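Enquirer: Once you've had a glance at the structure underneath, I'll fire off some questions.
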Amino acid sequence: MEPILNVTGLKKTFKLSAKQQKIEKTNEKVKTAVNNLSFTAYRGEVFGLLGSNGAGKTTTLRMLATLIKPDEGDAIVDGASIVNHPELVRTKIGFLTSELKLEEFFTPNYLYDFFSELHGVPAKEAAERKQSYFERFGIDKFAEVKVGNLSTGMKQKVSLVVSLVHDPDIIIFDEPTNGLDVLTAKVVTDFLQDLKEKGKTIIVSTHIFSLIEKICDRVGMIINGRMVACDTLEAICAGKTLEERFFEIYEEKVGTIDEK
Amino acid sequence: MKNNTLTIIKKEFARFFGDKRMVFTTILMPGLMVYIMYTLMGNIMTNQFTSADNYVASGYVQNMPAELEPVLNELPVEWNDITSDEIDTIQTSLTEKEADLLVIFPENFVAELNSYDVSSGMAAPNVEIYHNSAKPESSDVNVMLTALLESYEASLSNRFDINAGQNDYDTASDQDMTGQLFAMLLPMLLMTFLFSSCISVAPESIAGEKERGTIATLLVTPMKRSSLALGKIISLSCIAMLSGLSSFIGTMLSLPSLMGSTSGLDTSYYTMKDYLLLLGVILSTVLVLVSLISIISAFAKSIKEASSTCSPLTILTIVVSLVPMMGGDMLKNLGMFFLPILNSVLCMNSIFSFQMEVTQVIVTIGMNLVYAGAMTFGLTRIFNSEKAMFSK
Ligand SMILES: Nc1ncnc2c1ncn2[C@@H]1O[C@H](COP(=O)(O)OP(=O)(O)OP(=O)(O)O)[C@@H](O)[C@H]1O
Ligand SMILES: [Mg+2]
């Protein structure tokens with residue numbers, strides 16, 4: 001197995017404003033969102049980050065996608081360091097999270113071409129890929145409709161294909177099925193499995209056990225910003241369901257579930 | 001990744017020009033507003049300065065031709081005959097607004113007229129009319145008399161000239177108050193319109209993208225952040241410049257009615273050079289304003305926050321635009337032209353009041369370009385700053 005993503009000792013703290021302190025119900029001025037987090041993902045696998053709300057999944061993925069810089073630690077993405085060569089990392093990954101919005105004024109067609117251009121995809125290649133993506137997700141019928149007028153599911157599909165204009169080897173998806181109805185969610189998970197079959201490496205974050213069970217080869221559990229368990233799905237589950245194992249590990253690490 | 005700058009510019013243009021409402025409010029409106037406002041101002045001035053209906057002007061005439069006497073007597077002017085040695089005295093009293101009109105016909109005007117051969121190429125007999133444009137009554141009768149003589153001249157197949165000499169036939173003093181007033185009002189209005197056009201594009205494009213979460217989508221692409229900053233500044237400046245150009249055209253179109261109505265100024269006094277320099281000042285001012293507002297917008301979390309942070313700047317701009325009214329020799333100091341915004345105001349003021357010095361304009365445009373460049377660099381740094389881009 002060839003490692004393609006190597007995360008070592010990632011740490012991220014946020015300074016909390018007075019307003020944020022109130023929302024988080026804390027007096028501390030600094031929030032440690034991710035704490036000394038390490039894991040490795042191998043080429044061609046689907047790696048799942050599992051954690052409850054506020055565990056630090058999104059923060060971890062944002063660091064991997066070079067949107068934010070880690071306070072400590074580094075990650076090597078297909079040979080490129082997120083700290084030293086963020087621009088190179090961006091060429092290697094496709095990142096999708098609900099934070100990334102598309103300009104509602106433009107059509108899927110325009111946006112696809114625009115992002116292809118930013119990624120430097122040759123025009124012919126871009127056109128072919130666009131056609132196959134649009135057909136697969138049924139975007140072709142809405143290609144000239146402004147994004148603002150599309151349904152949530154269709155918007156999500158457009159976001160998805162736009163994040164993959166450059167056919168990256170590593171795909172990082174934060175909560176890929178969040179807010180989607182069961183049909184659309186299935187289209188997305190099927191697509192992820194197809195990508196895996198094509199040899200892509202996929203990192204997904206979720207708090208949905210069934211999604212992990214369905215598509216992931218290996219899983220990392222994050223609690224309060226720390227990686228508490230990281231192994232193959234079989235090894236972690238050890239004959240039980242993922243859900244049962246999650247609560248066992250949670251209690252073991254945090255004491256009681258009510259603490260938080 | 002130079003072409004990414006271009007990609008961003010193309011996208012910004014597609015966004016802007018694809019939206020008819022935006023094009024209308026940002027580009028067409030300012031010009032229209034300037035035009036309507038200035039023209040209205042011009043009309044109000046005209047009404048204020050037109051003379052009372054029953055006013056009889058006091059005119060002085062040398063060598064009044066008997067043939068023309070009945071025609072001239074139809075004007076609301078009481079004519080007094082004078083001799084050549086009185087001319088100086090009359091000109092003084094014109095300047096002092098006691099007399100209204102001084103007309104000098106050549107001796108034997110009619111005889112000369114009849115013997116003049118148009119095809120000879122010789123100078124035609126010349127009639128000189130002096131008036132004082134700072135006095136509305138004087139301007140009025142001047143217009144009437146000139147029109148009268150011109151139609152007479154036309155009927156005689158251009159056998160004489162009016163005011164063909166090199167003299168300054170308008171005896172209004174240089175310090176004419178009305179002209180000064182306009183030189184102060186125009187820059188203020190122009191600056192206000194320029195500022196509002198910049199404020200209508202930059203926060204929308206930069207703080208707006210942050211607010212709507214679309215800038216993060218750009219930031220995960222391999223594009224350099226400097227390409228984004230440059231692309232934004234260039235495209236926004238172009239759009240704001242179009243808007244500025246619209247204000248400029250509005251100003252030019254309304255100047256005749258604005259200036260024509262008031263004595264003392266006449267658009268024909270502005271040369272091509274004045275117009276070009278004014279345009280240069282306007283465009284460089286737009287660059288400064290766009291980059292300044294872009295930086296503020298890049299820090300703001302929302303369009304609303306960006307606009308409200310900019311509002312003290314709006315007030316500052318208006319206050320600075322009023323500085324020339326306070327006068328003072330300090331304003332002639334070249335050092336003043338190194339200060340952004342003030343330099344633009346001073347330049348516009350000096351261009352409108354015919355006191356423009358090319359060095360001042362060059363310093364202004366040069367400094368504005370330097371400021372805009374520095375701020376574009378600053379914007380790149382902000383796009384690179386996680387704190388500015390993603391703070392909650
Ligand atoms: N910009 C920020 N400023 C302050 N605190 C932040 C910021 N971003 C995240 N946090 C905090 O860091 C912690 C981890 O957040 P993160 O979004 O990574 O969690 P998550 O695992 O993705 O949770 P969820 O399932 O809710 O998406 C949370 O407590 C969150 O409040
Ligand atoms: Mg999250």
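The values are calculated or read from the model by the stated rules, or taken from the named source; none is laboratory data. Computed from a predicted model, the values in this text were never measured in an experiment. All Cβ positions, even for glycine, are placed from backbone atoms using ideal geometry, and neighbour counts span all protein chains on display. For accessibility, only protein heavy atoms count, side chains too; no ligands or nucleic acids. Shrake-Rupley method; radii C 1.70, N 1.55, O 1.52, S 1.80 Å.
Enquirer: Could you count how many residues in region A:83-98 are in a loop (DSSP other than H, G, I, E, B) and within 12 Å of chain B (Cβ to nearest Cβ)?
Expert: 3
Enquirer: Kindly list the number of the only condition in (1) more than 7 Å from chain B (Cβ to nearest Cβ); (2) assigned to a loop (DSSP other than H, G, I, E, B); (3) acidic (Asp, Glu) that fails for residue A:74.
Expert: Among (1) more than 7 Å from chain B (Cβ to nearest Cβ); (2) assigned to a loop (DSSP other than H, G, I, E, B); (3) acidic (Asp, Glu), the lone unmet condition for residue A:74 is (2).
Enquirer: Need a quick list: helices (runs of 4 or more DSSP H) entirely within region B:290-392 having at least 1 residues that are within 16 Å of ligand 2 (Cβ to nearest atom) and open to solvent by less than 70 Å² (accessible area, probe 1.4 Å).
Expert: By residue number, B:386-390.
Enquirer: Okay, moving on. Any residue in region A:41-67 that's away from every other protein chain (no Cβ under 12 Å): show its pairings with residues that are part of a helix (DSSP H, G or I) and more than 8 Å from ligand 1 (Cβ to nearest atom) at Cβ separation under 6 Å, as long as the two are six or more apart or on different chains.
Expert: Pairs that qualify, where the first residue is away from every other protein chain (no Cβ under 12 Å) and the partner is part of a helix (DSSP H, G or I) and more than 8 Å from ligand 1 (Cβ to nearest atom), are A:46/A:196; A:46/A:215; A:48/A:212; A:50/A:212.
Enquirer: Also, I was wondering about something else. Kindly evaluate residue B:376 against the criterion of being within 14 Å of another protein chain (Cβ to nearest Cβ) and more than 17 Å from the chain's Cα centre (by Cα).
Expert: The answer is no for residue B:376.
Enquirer: In addition: Report yes if residue A:167 is over 29 Å from residue A:139 (Cβ atoms), open to solvent by 60 Å² or more (accessible area, probe 1.4 Å) and either in contact with a helix residue (DSSP H, G or I) (Cβ under 9 Å, 6 or more places away or on another chain) or not in a helix (DSSP H, G or I) (or both), otherwise no.
Expert: No.
Here's the yes/no breakdown for (1) touching a Pro at 6+ places or on another chain (Cβ under 8 Å); (2) under 30 Å from residue B:297 (Cα atoms); (3) in contact (Cβ under 8 Å) with a residue 40 or more places away in the chain:
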residue: B:325; (1), (2), (3): no, no, yes
residue: B:333; (1), (2), (3): no, no, no
residue: B:339; (1), (2), (3): no, yes, no
residue: B:342; (1), (2), (3): no, yes, no
residue: B:362; (1), (2), (3): no, yes, no
residue: B:374; (1), (2), (3): no, yes, no
residue: B:384; (1), (2), (3): no, yes, yes
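Enquirer: Would you kindly identify the helices (runs of 4 or more DSSP H) lying entirely within region B:31-141 that contain at least 3 residues that are at pLDDT 85 or above and over 30 Å from residue B:252 (Cα atoms)?
Expert: B:87-95
Enquirer: Please go through region A:12-49 and pick out each residue that is touching a helix residue (DSSP H, G or I) at 6+ places or on another chain (Cβ under 6 Å) and within 14 Å of ligand 2 (Cβ to nearest atom).
Expert: Matches in region A:12-49: A:12, A:33, A:34, A:48, A:49.
Enquirer: Test each condition in (1) within 16 Å of ligand 1 (Cβ to nearest atom); (2) under 30 Å from residue A:110 (Cβ atoms); (3) more than 15 Å from the chain's Cα centre (by Cα) for residue A:228 and report the one that comes out false.
Expert: (2)
Enquirer: Also: Give the residues of region A:99-110 that are within 7 Å of chain B (Cβ to nearest Cβ) and of a type in the set (A, V, I, L, M, F, W, C), sorted by residue number.
Expert: Selection gives A:100, A:102, A:105.
Enquirer: Somewhere in region A:88-106, is a residue surrounded by fewer than 24 Cβ atoms within 10 Å (Cβ to Cβ), more than 10 Å from ligand 1 (Cβ to nearest atom) and among the polar types (S, T, N, Q)?
Expert: Yes - at least one qualifying residue is present in region A:88-106.
Enquirer: Given (1) away from chain B (no Cβ under 14 Å); (2) under 23 Å from residue A:44 (Cα atoms); (3) within 16 Å of ligand 1 (Cβ to nearest atom), where does residue A:179 come up short, assuming only one miss?
Expert: Failing condition for residue A:179: (2).
Enquirer: Within region B:187-217, take every residue that is of a type in the set (Ser, Thr, Tyr) and in contact (Cβ under 8 Å) with a residue 40 or more places away in the chain and give me the one that is nearest to the other protein chains (Cβ to nearest Cβ).
Expert: Here the answer is B:205.
Enquirer: Let me ask something additional. Within region B:218-233, identify whether any single residue is open to solvent by less than 30 Å² (accessible area, probe 1.4 Å), away from chain A (no Cβ under 14 Å) and in contact with a Ser or Thr (Cβ under 8 Å, 6 or more places away or on another chain), and answer yes or no.
Expert: Within region B:218-233 (the criterion being open to solvent by less than 30 Å² (accessible area, probe 1.4 Å), away from chain A (no Cβ under 14 Å) and in contact with a Ser or Thr (Cβ under 8 Å, 6 or more places away or on another chain)), the answer is yes, since at least one residue qualifies.
Enquirer: A follow-up question, please. Cβ contacts < 6 Å: first residue within 14 Å of residue B:64 (Cα to Cα), restricted to region B:109-126; second residue part of a strand (DSSP E or B), any location; separation 6+ or different chain. Result?
Expert: Sorted first by the residue in region B:109-126, then by its partner, the pairs are B:126/B:161.
Enquirer: Residue A:159 - would you say it is more than 22 Å from residue A:39 (Cβ to Cβ), modelled with pLDDT of 90 or more and of a type outside the set (A, V, I, L, M)?
Expert: Judged against the criteria, residue A:159 is a match.
Enquirer: Filter region A:127-164 down to the residues that are basic (Lys, Arg) and touching a residue at least 12 places away in the same chain (Cβ under 8 Å), then identify the one that is most open to solvent (accessible area, probe 1.4 Å).
Expert: My answer is A:136.
Enquirer: If you don't mind, another one. Return a yes/no flag: does region A:212-231 have any residue that is under 30 Å from residue A:138 (Cβ atoms), without any contact (Cβ under 8 Å) to a residue 60 or more places away in the chain and away from ligand 2 (no atom under 16 Å from the Cβ).
Expert: Yes, the conditions are met somewhere in region A:212-231.
Enquirer: Could you tell me whether region B:285-293 includes any residue that is under 21 Å from residue B:189 (Cβ atoms) and free of Cβ contacts under 8 Å to residues at least 40 places away in the same chain?
Expert: Within region B:285-293 (the criterion being under 21 Å from residue B:189 (Cβ atoms) and free of Cβ contacts under 8 Å to residues at least 40 places away in the same chain), the answer is no, since none of the residues qualifies.
Listed here are the residues, each with its yes/no results for (1) closer than 25 Å to residue A:242 by Cβ; (2) assigned to a strand (DSSP E or B).
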residue: A:5; (1), (2): yes, yes
residue: A:22; (1), (2): no, no
residue: A:32; (1), (2): no, yes
residue: A:40; (1), (2): yes, yes
residue: A:58; (1), (2): yes, no
residue: A:100; (1), (2): no, no
residue: A:105; (1), (2): no, no
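Enquirer: Sticking with this structure for a sec: Looking at region A:42-56 only, could you name the residues that are more than 11 Å from ligand 1 (Cβ to nearest atom) and either in a loop (DSSP other than H, G, I, E, B) or not assigned by TED's automatic domain parsing to the domain that holds residue A:13 (or both)?
Expert: A:43, A:44, A:45 - these are the residues of region A:42-56 that are more than 11 Å from ligand 1 (Cβ to nearest atom) and either in a loop (DSSP other than H, G, I, E, B) or not assigned by TED's automatic domain parsing to the domain that holds residue A:13 (or both).
Enquirer: Could you grab me the full set of residues in region A:68-80 that are more than 13 Å from residue A:12 (Cα to Cα), open to solvent by 10 Å² or more (accessible area, probe 1.4 Å) and free of Cβ contacts under 8 Å to residues at least 60 places away in the same chain?
Expert: Within region A:68-80, just A:79 meets the criteria.
Enquirer: How many residues does region A:165-184 hold that are away from ligand 2 (no atom under 16 Å from the Cβ) and more than 20 Å from residue A:198 (Cα to Cα)?
Expert: 4
Enquirer: Ok, one more. Working only within region A:111-129, note down all residues that are more than 8 Å from every other protein chain (Cβ to nearest Cβ) and charged (D, E, K, R).
Expert: Within region A:111-129, A:113, A:124, A:125, A:128, A:129 qualify.
Enquirer: Out of A:96, A:100, report the one residue that is within 22 Å of residue A:214 (Cα to Cα) and either within 12 Å of the chain's Cα centre (by Cα) or away from ligand 2 (no atom under 16 Å from the Cβ) (or both).
Expert: Sole residue among the options that is within 22 Å of residue A:214 (Cα to Cα) and either within 12 Å of the chain's Cα centre (by Cα) or away from ligand 2 (no atom under 16 Å from the Cβ) (or both): A:96.
Enquirer: Something else about it: Mind listing just one residue for me: the one in region A:1-40 that is aliphatic (A, V, I, L, M) and surrounded by 13 or more Cβ atoms within 10 Å (Cβ to Cβ) and, of those, nearest to ligand 1 (Cβ to nearest atom)?
Expert: Here the answer is A:33.
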